[in-house]
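Below is one structure, written out as structure tokens, with a few remarks after it.
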Amino acid sequence: MNNKIKLMRLSLAGSLLLAGLPLSSAYAATATATPSAPVNAVPISIKLTDASSVTVTTKEIKDSKTNLKVNLQIPVIQGLKDQPYADQVNDTIERNAMKDVDAWTKEADDAAAKAKAAGFDLRPFELTITYKVTKGKDAAGTEVLSLVVTSCTATGGTGMPRLSFYNIVNGEQASPFELSSLFGDNYKELINKQIAAQIAEQPDKYFKDAFKGISDTQGFYIDNNEAVIVFDKYSIAPGVSGTPEFRIALPQLSAQAPAAPASLNKSAVLVNGTSVALDDAPVFVNDKGITMIPLRLVSEALGYKLTWNGDTRSVELTQGAEWTSVQEGKDRYTFAKVAPFELGAAPLIQADKMYVPLDFVTKVLKADMKIDAQGMITISTKAAPQK
């Protein structure tokens, strides 16, 4: 498996490349309209480097509804080498913003109706969306863009922010970038120790014993030579602290991937300590050098329920609250609320079996995966001990 360090092409994050520049002073002009009306983008002229073609512009939408005040600053990324993917992410960002508007319009209208029935007027709700941009480089020296988008709602008191994170490498292709890509397999242990040490320096700023460690979907962005780990408001500290951040210096990693085994074991994989026979659906390597595995056999061994949709030739995977889907011929994968990303190969059907890239195991199903010297693929969930 190629472990070359990459950053996910697009990521919503938090501070302007123009470090310290307030958002309010960054907009030379504004465009005001209802959320459904077309709005002209407002240039900010943000570049990653002097030679970079990457810019971020702002589509600003304002609307003073009776029960909801809307102020949206939606980032639009342009000039990436992989601009079609950027277009997908830009569309996702705006669609999510409009979903927030629709949801909070209903919430505000319902609350106003109840207040009126009780004989008093309700202070209008507020929905604000802002973003910030930071820059950095990956281990290969490729320019990196991080974006943090903050959606904040206020219902008469202190607002409650929700942050979305995306990290982007400006390369010909990009893939999801995770903390493990920078800090290695023991990334949680390493990062947890540093966060715990920073909390110990100022313990009065945090809830006692609230920090239990970072999660599998921990929010973060890249800022120059640091990974900035971000926590939700009230999760580990009082509201006055906002969304607590911890800066962790990036290790000096080699961009060279470890050597692959001479050959893979194509007839079996080890899932949570149990061998799963693949005699009818052997592992194979496609013409791009990407290892492809049978989706159903591996996913069901990890506890997922799979449902086939013949009309769309797609498969839905569910396990508790976790859900994702894949479609034949579309190199487009999702996990949680991150933007769709590519794995280098689309799902395909071979001998009546759907295959997906091996990276699907770690980057979508979020399981651990290793390949030993004999070519055996070993897959395990975080909570499942090896037999």
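The values are calculated or read from the model by the stated rules, or taken from the named source; none is laboratory data. Quantities reported herein were computed from a predicted structural model and do not represent experimental measurements. Heads up, the Cβs are rebuilt from the backbone with ideal geometry, glycines too, and the neighbour counts pull from every protein chain shown. Ligands, DNA and RNA are stripped out before the accessible areas are found, and what is left, the full protein with its side chains, is counted by its heavy atoms. Shrake-Rupley method; radii C 1.70, N 1.55, O 1.52, S 1.80 Å.
Worth a mention:
- Pair ALA321, SER267: separation of 7 Å Cα→Cβ label points (nm): 4.3
- In nm, spacing of pseudo-spin labels at ASP352 and ALA115 (7 Å Cα→C-beta vector): 6.2
- Listed peptides 310-322, 266-278, 189-201 by packing density, highest first (mean Cβ within 10 Å): 266-278, 189-201, 310-322
- A full extension of the chain between GLN374 and ASN309 corresponds to an added length of 19.7 nm, given 0.36 nm per residue minus the alpha carbon distance.
- In the full protein context, the range 271-374 carries 50 Å² of accessible surface per residue, based on a 1.4 Å probe and ignoring ligands, DNA and RNA.
- Calculated FRET efficiency for the pair THR334/GLN202, C-beta based, R₀ 30 Å, to 0.05: 0.20
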